[in-house]
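Some notes on the structure that comes next.
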Amino acid sequence: MTSFSAIRLPKEILFGKGQRAALPAVAGRLGRRALVCTDERLAASSDFERMLDGLRAAGLAVHVHGRVLPDVPRDSAAGCAEEARGFAPDLVIGVGGGSCLDMAKCAALLLTHGGRLPDYYGEFEVPGPVLPVVAVPTTAGTGSEATPVAVISDPDRMLKVGISSPHLIPAAAICDPDLTLSCPPALTAVAGADALTHAIEAFTAGRRPPSAELAQQHVFIGKSALTDHFALLAIRLLGRSLERAWRDGADEDARAEVMMAALAAGCAFGTAGTAAAHAIQYPVGALTHTPHGLGVATALPYVMRFNRAAALAEMAEIAVALGVDGGRTSRAALADAAIDEVTRLLHAIGITPTLAGLGLPADRLDWTAEQAVGIERLIKNNPRPIGLADMRCLVDAAYRGDLDAAASAPVLE
């Protein structure tokens, strides 16, 4: 514990069964002309139509962009903003999974400041506030409803890219777990595993020397007491409810706890950041076209094993949060129990256990390692220093399914 801590959150977070009914009142306080971003499946749903009816009944004018695509292709975001410009919205509502929420952030950015999305890639490139965004997630995983980042796919780049700015944090998040009841088991697993990875990487992120400049120069600043609070809450909830929600999608209590966990994990990593598991997923996802949450979760146990010695105290706390401390007293034994339980849980919900299983070609392991270690905003958060030789060993271990090999990576290149 240090005297320095930081966290950035939406101005308003509403969580609970039926809270989607609050959307008209929340939106009405922020504007009168709403651009609503969603995907084709949700746009045709009765739940979505009822949301629109509520907005209109409250006197809001609504323009629907119902063609959000996975991973938000760069030009689709520009098209959404251009399509809505004549409507002149004064707020943007995202309804759906992480891509729908990220599209809402991108549209709000372009409608406010103009230009092209590449103008804003990186950290702190957004010059000022954007149109207020209301985020209504229908999956429990990305945490985008609480974070300062929008991730898009750029056809001119091999890897997905992020726009990171506190100005992109939604003004309000409305999290109604009933909206996740229709998620099939595979989506529940991948989304929940994404949230677990967010929470564990935020909790084990490096702690940086405190200064008045730290949070002004970096969007993601490493762990602190406030982010730890949210990360541990997420880990605890997922440990007891993710497998239940996956096995029985009608279990409302489990659904609520998994959605609360995804939100809490977003609150944590939105300031603390994520680390090596996310760095590995970026090139792996680009090569295999597998879901983001699946890729980070596949890498997670190997990254935990690699980081074990550098984050022994944190991993011991993770074991307690997961409820697998079992009378153990030594940090080493608790850390091993945490890694074992995360590995077991991910296997139980059907997460692919190796990078080979994701379809990563054997002849692209070195390229994957080179790309991953070059993502500095993620690598700088890793609790254990990680050079190219380390990353090559880590990627190889995750490819072959050898947890012990992940631990034996050289300390530095």
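The table below lists the values:
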quantity	calculated
Candidate values [x] 36, 26, 18; [y] 31, 26, 20; [z] 34, 23, 20, label of the one derived for semi-axes √(5λ) of the Cα gyration tensor in Å	[z]
Helix axis angle, 276-288 relative to the chain longest principal axis, alpha carbon, degrees	70 degrees
Rough spin-label spacing in nm, given labels placed 7 Å along Cα→Cβ, for Ala356 and His289	2.4 nm
Gap separating the Cα centres of region 147-221 and region 72-140, nearest whole Å	16 Å
Surrounding net charge for Ala286, when Lys and Arg each add one and Asp and Glu each subtract one, Cβ distance under 12 Å	+1
Extension reserve of the Ala313-His113 stretch, reckoned as 0.36 nm per residue once the Cα distance is removed	67.6 nm
Under the Karplus curve 6.51 cos²θ - 1.76 cosθ + 1.60, θ = phi - 60°, whole-Hz ³J(HN,Hα) for region 29-41, x wherever Gly or Pro sits	6, 9, x, 10, 10, 10, 7, 10, 10, 8, 9, 5, 5
Stokes-Einstein D for region 198-277, Kirkwood Rh over Cα pairs, 10 °C, 1.306 mPa s (µm²/s)	122 µm²/s
Average accessible area per residue (Å²) across region 1-113 - probe 1.4 Å, nucleic acids and ligands excluded	43 Å²
Efficiency of FRET between Ala44 and Ala332 - r from beta-carbon atoms, R0 56 angstrom, step 0.05	0.60
Surrounding net charge for Ala313, when Lys and Arg each add one and Asp and Glu each subtract one, Cβ distance under 15 Å	+1
Sequence ranges 234-243, 74-83, ranked by mean other-Cβ count within 10 angstrom, highest first	234-243, 74-83
Among 290-297, 309-316, the order from most to least packed when residues are scored by Cβ within 10 Å on average	290-297, 309-316
Candidate residues Lys223, Lys380: accessible-area rank, largest first, probe 1.4 Å	Lys380, Lys223
Computed over the chain: relative contact order in percent, which uses C-alpha pairs under 8 Å that are six or more apart	15 percent
In sequence order, calculated HN-Hα J values of region 395-406 (Karplus, 6.51, -1.76, 1.60; Hz; x Gly/Pro)	5, 4, 4, 5, 5, 8, x, 10, 4, 4, 5, 4
Count of lysine pairs in the chain with Cα separation under 21 Å (8 or more residues apart, or interchain)	4
5 angstrom amide H check on Cys175, placed H, neighbours 5+ away	Leu14, Phe15, Gly16
Virtual spin-label span in nm between Phe87 and Val64, 7 Å along Cα→Cβ	1.0 nm
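The values are calculated or read from the model by the stated rules, or taken from the named source; none is laboratory data. Owing to the predicted nature of the structure, the values given are computational and were not obtained by experimental measurement. For neighbour counting, all protein chains shown are included, and Cβ atoms are generated from backbone atoms with ideal geometry for every residue, glycine included. The area values use the complete protein model at the heavy-atom level, side chains included, leaving out ligands, DNA and RNA. Shrake-Rupley method; radii C 1.70, N 1.55, O 1.52, S 1.80 Å.
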